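Asks: The structure under discussion is supplied below as structure tokens; questions concerning it will follow.
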Amino acid sequence: MLRVRTGLQSFAWNSIGAIIMLSFSAFIVLVLTIMSMLLYDKFAQTAERSAELSTKQIVDQVSYNLEDYVRSMSHLYRAIEEHMLRDGTWEGEQVDKQLDTLLSSREDILSITLLDSDGRLLKNRPAAALKPSAHVTQQGWFQSALRVPDHLSFSLPHIQNMYEGPYRWVVSMSKGITVQRNGQEQQVILLVDINFKQMDELSRRVSLGQRGYVYIIDESAGNIVYHPQQQLMYMGLRSENIEQALVATGSYEDEADGQKRLNTVKSVPNIGWKIVGVAYLDEMLTTRQEVGGYMVRVLAVVLVLAVLVSLMLSASLTRPIRRMERKMKAVELGDFNVELPIEGPLEVERVSRRFNLMVHKVRTLMDEIIREQEQKRRLELEALQAQINPHFLYNTLNSMVRMVGMSRNEEVVTMITSLSRLFRISLSKGKTIITVKEELEHAHHYLTIQQMRFKRKFRFTLNADDDTLDCLTLKLLLQPLIENAIVHGIEYDMDEGHIEVRVYREADCLVYRITDNGVGMSEEQLRALAQGYPIARSGAGSGVAVRNVHDRIRLYYGHAYGLEYASELEEGTTVWIRIPVQRVPEEGEKQDDQKRTMA
């Protein structure tokens, strides 16, 4: 029990598997419940109609049997009239033999009696004397025969009391017949006593469920002709709703002893009897309850099967998702070499392909970022190495020595000061980004040193708009280009050179423009420089430092920025550096950034 409780607590009820299982099971149960209810209601109605129809058919069958019996008795009467009473000659052995033969062939007939209209015995078989206390003329069957001649009358069951012998329950059939005897008409009564046991057995075989039965009443007075518990009826220990049965046709429901019953009534023609079939409704309800119980058991079995099938289905559908979850966790931990197998349903295959493609792209981007970072560090290192070029440092120090020897102390101080500030800005406490003002200061000191080294072979000017001085920029952008202008443009020119550095904004771009009036470059040299190839010029070094500047700008700011060149031989060269405008954040903006970082 504890294990089951622990399993239920650990089961993720909001998982896809649980949702599929619960939804599928609920849907199956709902459909089966609706179908079961419809089938149950339909079956119950059909069962009730079948029970009602069965009761009616049984009652009809009983009625048919009685009618058939009455018909056979009518034939019997007709035979007796034709063979025994046609000429009024009922004496003689021949008639006795015929009646004895008839009695021996019909077990249901106990006696045949012929009486005149005064009740005197004319003939009977078996032959027996009338009891003095019989009072034949007072019997109901005798009076019915006289009252309605030529009509077959049936009495109620009674004890045969005309003759000496055993008391037997009989139903008396009587008919008044007019015969010709000795040329005169004579009224006679033909009486046939039928053993009631035959009718009792005929009705007792009828079965309406386990407790249902059939009873017969006299249609004229409502007397009980037959009842399976007739003795209890006579003793008053049992009763039937006779009044309703007399007026009813077809079927009706009533209640007896707290139990509801279905009564089916059928009149038997020519006799004046009514047959009433009684069926108990709780037996029909028992059938309905059995059907209901069967439906519940079927529903329970189907529910268990539905849960098992839904569990298998949900497990099959969620297995690829769980596998993908494990792979994602591996990616989250930094393992980009994972790959999902392309298998399963079509949607799962598509998702697996997308996942593998995504991981591949992430892995490629990560490699590219790492490569770019390494390239940045390499380019920065190269820029720093270019700044502290031993060649430049050697030439500068050599120039100082010569100026000291010539007692040009003031110029020596200026050169040392510029060299010191040049290195201070180059280091910038390890920062990569500095202000435009600091970059211009760095260029100014570099130009000052070079101007003194080259014995003032060129002049220079540095101009910047005020709104550009506080903008941010990559450091050491100008020095390689200024060095290029001096070494490749002015050094070999016979005239005085001039280098102009101009800084301004152009829309969202910060533009450095470096112009010299040196020897310029040919178109081939310009194309080679634009494509990153070294500039082939005798003893003039290469354009590696310039390409370094271009690559650093693109790595930091993107491919929309970089260097542009314009040059003409014997006229000079102009280089534009374009980078995005980035301002130094204000104090309030710095605090906001710090708060966002802490959050």
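The values are calculated or read from the model by the stated rules, or taken from the named source; none is laboratory data. The structure presented is a predicted model; accordingly, all values stated were derived computationally and were not measured. Cβ sites come from the backbone with ideal geometry, for glycine too, and all protein chains shown count toward neighbours. All accessible areas refer to the heavy atoms of the entire protein, side chains included, with ligands and DNA or RNA removed. Shrake-Rupley method; radii C 1.70, N 1.55, O 1.52, S 1.80 Å.
Asks: From largest accessible area down, sort TYR215, TYR492; use a 1.4 Å probe on the protein chains. Walk me through the numbers on the way to the answer.
Replies: Values: TYR215 0, TYR492 110 Å².
Correct descending sequence by accessible area is TYR492, TYR215.
Asks: Which whole-number percent gives the relative contact order of segment 50-169, counting Cα pairs below 8 Å spaced six or more residues apart? Before the final figure, lay out the partial values.
Replies: Values: 72 pairs, mean separation 17.6, N = 120.
Taking the mean separation of contacting Cα pairs over the length of segment 50-169, I get 15 percent.
Asks: Mean separation of Cα pairs under 8 Å and 6+ residues apart, divided by the residue count of segment 220-320: what relative contact order is that in percent? Mind dumping the intermediate values first?
Replies: Details: 69 pairs, mean separation 15.4, N = 101.
In percent, rounded to a whole number, it is 15.
Asks: Taking the Cα centre of segment 249-312 as origin, work out the dipole magnitude from +1 charges on Lys and Arg Cβ and -1 charges on Asp and Glu Cβ, in debye rounded to 20. Let's see the in-between values first.
Replies: Numbers: 6 positive and 7 negative charges, 43 e Å.
Dipole magnitude for segment 249-312 comes out near 200 debye.
Asks: From the convex hull of the Cα coordinates of segment 184-271, what is the mean projected area in square nanometres?
Replies: Details: hull surface 32.3 nm².
Result: a mean projected hull area of 8.1 nm².
Asks: So if each residue of separation counts as 0.36 nm, and I subtract the Cα-Cα distance between ARG363 and SER104, what length gain in nm does that give?
Replies: Numbers: separation 259, 0.36 × 259 = 93.24 nm, distance 11.55 nm.
Gain on stretching ARG363 to SER104: 81.7 nm.
Asks: Sticking with this structure for a sec: When the chain is fully extended, how far beyond the present Cα-Cα distance does MET324 get from VAL296, taking 0.36 nm per residue of separation? Display every interim value, and only then the final one.
Replies: On the way: separation 28, 0.36 × 28 = 10.08 nm, distance 4.15 nm.
Fully extending the segment from MET324 to VAL296 adds 5.9 nm.
Asks: Under a cut-off of 17 Å between alpha-carbon atoms, report the aspartates and glutamates in cross-link reach of LYS131, not counting same-chain residues fewer than 8 places apart.
Replies: The qualifying aspartates and glutamates are ASP116, ASP118, GLU164, ASP193.
Asks: Follow-up. Counting only protein chains, not ligands or nucleic acids, how are CYS509, CYS471 ordered by accessible area (probe 1.4 Å), most first? The partial results should precede the final answer.
Replies: Details: CYS509 30, CYS471 0 Å².
Order by accessible area, largest first: CYS509, CYS471.
Asks: Another question, if that's okay. Provide the descending list of Cα extents for segment 253-349 along its principal axes, expressed in whole angstroms.
Replies: 103, 28, 14
Asks: Another one. Only four residue types carry charge here, +1 at the Cβ of Lys and Arg and -1 at the Cβ of Asp and Glu. Report the dipole size of segment 8-125 about the Cα centre in Debye, rounded to the nearest 20.
Replies: Working: 11 positive and 17 negative charges, 144 e Å.
In total the dipole reaches around 680 debye.
Asks: Just the accessible area for ARG421, please: 1.4 Å probe, Å², rounded to the nearest 10?
Replies: Rounded to the nearest 10, that gives 110 Å².
Asks: So I have [x] 2.67; [y] 1.09; [z] 2.62, and one of them is Cα Rg over 2.2 N^0.38 Å calculated from this model. Which one is it?
Replies: Entry [z].
Asks: Mind ranking 275-282, 182-189 by how tightly packed they are, going by the mean number of other C-beta atoms within 10 angstrom, highest first?
Replies: Values: 275-282: 21.6, 182-189: 13.5.
Result, highest mean first: 275-282, 182-189.
Asks: Return the FRET efficiency for the residue pair ARG147, ASN182: r is the Cβ-Cβ distance, R0 is 25 Å, and the value is rounded to the nearest 0.05.
Replies: Working: r = 26 Å, r/R0 = 1.06.
Efficiency computed from Cβ-Cβ geometry: 0.40.
Asks: Also: So how do LEU313, LEU103 rank on accessible area, 1.4 Å probe, biggest first, that is with the largest at the start? Before the final figure, lay out each step's value.
Replies: Working: LEU313 75, LEU103 30 Å².
I get LEU313, LEU103, largest accessible area first.
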